[in-house]
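S.K.: Have a look at the structure that comes next, please.
The values are calculated or read from the model by the stated rules, or taken from the named source; none is laboratory data. Because the structure is predicted, anything quoted here is derived from the model rather than measured. Here Cβ is always computed from backbone atoms with ideal geometry, including for glycine, and neighbour counts include all displayed protein chains.
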Amino acid sequence: LARREAAFTRRQLTPIDSATGRTLRVDGRDVIQFCSNNYLGLATDPDVVDAARTALGRWGTGAGASRLIAGSLAIHHELEAALAAWKHADAALLFPSGFMANLAVLTTFAGPGDLVVSDKLNHASLLDAAGYSGATQRRYPHRNLKRAGVLLQRHQTAAAESDTGRGDAEGPWRFLVSDSIFSMDGDAADVPGLSDLAAAHDALLVLDEAHACGVFGATGAGLAEAAGVEDVALSVGTLSKALGSMGGFVTGDRAVIDMLINAGRAQIYTTALPPACSAAALAALRIVQRDPARRQRVLELAERVRGALRAMDYDCGESVSPIIPVMMGTADQAMRAAAFLRERDIFVPAIRPPSVAPGAARLRLSLMATHTDGQVERLIAAFGAMRSATRASRP
Ligand SMILES: Cc1ncc(COP(=O)(O)O)c(C=O)c1O
């Protein structure tokens, strides 16, 4: 802790005294937040809240048991059917969180002798899950599919040379694993490129659509939908971001989902998702499917903010999503930038190592469809003032 304190990387919890809307009550003040994954504002949508309230009355607070014992409630099955249809998949399975969905996917299907090829900037849950799986994990430089191909090819050649006689179904298996929208950079993976690469190397594609669900695609199903890619072997999503609830899910072929039900320890040995979360997510999903205006609005606001910040010479990386990194450099610089905004009642915590690489500390902005034009203008003006202040303080 002392070392972290000295390096400006010690973390603290900030109590929030309000619902997670576009504004928050923090330390007795109302602040505008630009750091929520509740991209569409559905966590406080009256229809979604009503669905949760009704479910509480009908089902009570907790599921009471794991899915395989007595916790597999009708509302879970209804939500899974809706998620599978949304994702054009055979079947879906819920998990208590997106983290656990990723954990289950890789620890169920990958094992010793297999290869997991991961983008270096994949979410921590994917990187950790690959570690726990016992498979060999190789990480490729961010979005560098050429390098990913080399890693897959090496394993494919070695497997062919040491023919175990076990046949395809017995492996060894290769997994190509990527976020579709990267959580700290807001940039996008080349999903058609990943799909082609997986096919070329007889690998299973695992795509984490946590930040793309609800935001991209004609029906909001994610980046694979937007790119017209249908052959994702294991698609992971979360109910906790644009869908405004809690829980993760995996979609895929029936056999894949049956295998997760049978062997996914992160699902077997834990209590089923609370019914009210499931009902809220289902109501949110229905809104996402029928109302493209929300995702259009959040993407349009993000475009506006990126344009304005870039015009002021801020480095926003290659963001294409509601997540916009504003690079600050050291952890100390990022903390000072966050404090500058906070003095103007704008709440955007600094993202520091180890969540990002040393020297890549940043403010990670995220827009919500419910932000008003005026709130977005205030954000842009605050960055303008920060720019003037830093220029004025230079010798
Ligand atoms: C890319 C990605 N995958 C998975 C998760 C985990 O999802 P959850 O918050 O539902 O556990 C997150 C965020 O926390 C994420 O950013």
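S.K.: Can G222 be described as of a type in the set (G, A, S), more than 15 Å from the ligand (Cβ to nearest atom) and touching a residue at least 60 places away in the same chain (Cβ under 8 Å)?
M.R.: It is false that G222 is of a type in the set (G, A, S), more than 15 Å from the ligand (Cβ to nearest atom) and touching a residue at least 60 places away in the same chain (Cβ under 8 Å).
S.K.: Being closer than 23 Å to C316 by Cβ and among the small types (G, A, S) is the filter here; which residues of segment 194-216 pass it? Lay out the reasoning, then the answer.
M.R.: Narrowing segment 194-216 to residues closer than 23 Å to C316 by Cβ: 208-216.
A210, A212, G214 - these are the residues of segment 194-216 that are closer than 23 Å to C316 by Cβ and among the small types (G, A, S).
S.K.: To continue, here is another question. Of all the residues that make up segment 204-247, how many are among the small types (G, A, S) and buried (at least 24 other Cβ atoms within 10 Å of the Cβ)?
M.R.: Total satisfying the criteria: 13.
S.K.: Continuing with the same structure: I need the full set of residues from segment 88-113 which are in a loop (DSSP other than H, G, I, E, B), within 19 Å of R265 (Cα to Cα) and more than 12 Å from the ligand (Cβ to nearest atom), in order please.
M.R.: A110, G111, P112
S.K.: Something else now. In the set A160, A199, A212, which member is in a loop (DSSP other than H, G, I, E, B) and aliphatic (A, V, I, L, M)?
M.R.: Going through A160, A199, A212 in turn, the sole match is A212.
S.K.: To continue, here is another question. Quick check on segment 330-343. Is at least one of its residues in contact (Cβ under 8 Å) with a residue 24 or more places away in the chain, of a type in the set (A, V, I, L, M), part of a strand (DSSP E or B) and under 21 Å from L24 (Cβ atoms)?
M.R.: no
S.K.: Could you run through segment 1-37 and say how many residues are modelled with pLDDT of 95 or more, closer than 23 Å to D185 by Cα, in contact with a Leu (Cβ under 9 Å, 6 or more places away or on another chain) and assigned to a loop (DSSP other than H, G, I, E, B)?
M.R.: 2
S.K.: I'd like to check something: does segment 312-321 contain any residue that is part of a helix (DSSP H, G or I) and surrounded by fewer than 21 Cβ atoms within 10 Å (Cβ to Cβ)?
M.R.: No, because not a single residue in segment 312-321 is part of a helix (DSSP H, G or I) and surrounded by fewer than 21 Cβ atoms within 10 Å (Cβ to Cβ).
S.K.: Note down all Cβ pairs under 9 Å where the first residue falls in segment 184-209 and is under 15 Å from A110 (Cβ atoms), the second is away from the ligand (no atom under 15 Å from the Cβ) and acidic (D, E), and they're at least six residues apart or on different chains.
M.R.: A198/D231; D202/D168; L205/D231
S.K.: Could you figure out which of (1) hydrophobic (A, V, I, L, M, F, W, C); (2) within 24 Å of A276 (Cα to Cα); (3) buried (at least 21 other Cβ atoms within 10 Å of the Cβ) isn't true of I261?
M.R.: Against the list (1) hydrophobic (A, V, I, L, M, F, W, C); (2) within 24 Å of A276 (Cα to Cα); (3) buried (at least 21 other Cβ atoms within 10 Å of the Cβ), I261 comes up short only on (3).
S.K.: Which members of segment 4-52 meet the condition of being in contact (Cβ under 8 Å) with a residue 24 or more places away in the chain, among the basic types (K, R) and surrounded by 14 or more Cβ atoms within 10 Å (Cβ to Cβ)?
M.R.: Within segment 4-52, R22 is the sole residue that qualifies.
S.K.: Further question: Just to check your reading of the model, which residue among L121, L207 is in a strand (DSSP E or B) and under 26 Å from E303 (Cβ atoms)?
M.R.: Numbers: L121 fails: in a strand (DSSP E or B).
Step by step, each of L121, L207 is checked, and only L207 is in a strand (DSSP E or B) and under 26 Å from E303 (Cβ atoms).
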